[in-house]
Structures are given as structure tokens and as C-alpha cells.
Amino acid sequence: MALTKVNTGGLAADSVDNTILKLDDNFAFTGTVSGAGKILQIQYSNLTSAASYSTSFGDLITINITPTVSTSLILVRSTVVTYHSAVGQHTAKLIKTVGGSDSLNYEAGDFYHPSGTGVSGNINIQYVDDHDTTSQITYKLQIKAEAGSGAINKDYNGTNNGVTSLVAMEIAT
């Protein structure tokens with residue numbers, strides 16, 4: 001591994017040869033990274049518009065990732081910004097599909113709110129997929145209200161200012 005000093009600048013020790021560098025130094029990496037923990041690729045999508053939903057699952061975001069090696073892991077992370085339009089609890093679902101077959105239907109819910117309108121929250125899902133394939137994998141994020149209705153990407157007063165996201169990162173093992 002080699003670091004190339006791009007410009008001068010602080011007071012931090014360089015881990016390569018213990019020379020003292022200024023904190024505002026910039027470096028360009030000129031080597032290669034290999035081994036476990038390397039991020040091989042990232043696929044993601046963000047949804048910033050508001051959308052209403054009711055008691056049936058509706059699609060939010062779909063992303064595809066084709067693993068470069070069958071032995072890697074895929075870290076899937078999502079955040080769904082929820083808004084309670086009525087009394088109830090909301091549920092997000094992560095669906096994994098490979099070759100036309102669903103192999104995961106993971107659901108996570110937010111809190112039950114007894115008074116209804118004007119309560120916002122987040123549903124976060126994190127899943128590590130030991131996929132064992134180099135075929136395309138589709139991850140889909142869905143949302144529904146267990147009772148009542150809701151919306152995504154709204155704050156407590158109904159203003160559209162949230163971001164719902166779905167990210168898949170392939171990581172070497």
C-alpha cells in the first residue's frame with residue numbers, strides 16, 4: 001500500500017512511516033485493497049416524495065444487485081420515514097428475490113400510536129445476506145398500516161421533508 005502526498009499542510013503521525021503531517025494534508029491512495037471487509041459495490045435508491053398507504057402492502061423502493069462473488073456478504077439497510085394519519089401501527093417489509101423466487105419476507109414495525117394523526121417515526125431494517133450466488137438479487141421495500149392509514153416522508157405536522165432509503169452493499173469475506 002502506498003500513500004502519495006498531494007499537498008502540504010499538520011500534526012498527525014503518518015501510519016506508513018511515522019512522519020509528522022499537518023492535519024490539512026490531502027492524500028491519494030495509489031495501492032489496491034484486498035481481503036475481508038472490502039466493499040465491492042453499492043446499490044441504493046432514495047425516495048423523497050410523500051406517498052400515502054393503507055392496510056395493504058405497497059411497494060416503495062426496489063434495487064437490484066448482482067454479486068461479484070458467491071462468497072461475499074450483502075449488507076442491506078433501509079429506513080422508512082412514517083407518518084401516522086390515523087390510529088395504528090405501521091409495518092415495513094424487506095423482500096429478497098433471486099431467479100423469480102422470494103426467499104425472504106422480513107417485516108419490522110414501528111410503534112402503536114393510539115391517538116392517530118400527527119405522529120412521525122422511522123422503521124429501520126438491517127439485514128446481512130449470506131447469499132451464495134452470483135445471480136441478480138432484487139431487494140424490495142414495502143409499507144402498510146396494520147390499522148388506519150399513513151404516509152411516508154412526512155414530519156409531525158404533515159410537511160414532506162423525509163427520506164426513505166434502501167441500500168445494498170456487497171462486502172468481501
Selection from the stretch 61-95 of residues within 13 Å of residue 132 (Cβ to Cβ) and surrounded by fewer than 20 Cβ atoms within 10 Å (Cβ to Cβ) yields 69, 70, 71, 73
Within the stretch 65-98, residues small (Gly, Ala, Ser) and under 19 Å from the mean Cα position of the chain (by Cα) come out as 72, 78, 92
* To do: Might you check whether a residue that is within 14 Å of the chain's Cα centre (by Cα) and small (Gly, Ala, Ser) occurs anywhere in the stretch 106-124?
  => no
By my count, strands (runs of 3 or more DSSP E) wholly in the stretch 54-173 with at least 1 residues that are at pLDDT 90 or above, over 22 Å from residue 41 (Cα atoms) and in contact with a strand residue (DSSP E or B) (Cβ under 6 Å, 6 or more places away or on another chain) are 58-65, 73-84, 90-98, 119-129, 137-145, 150-152
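The values are calculated or read from the model by the stated rules, or taken from the named source; none is laboratory data. Because the structure is a prediction, the values reported are computed rather than measured. All Cβ positions, glycine included, derive from the backbone under ideal geometry; neighbour counts span all protein chains shown.
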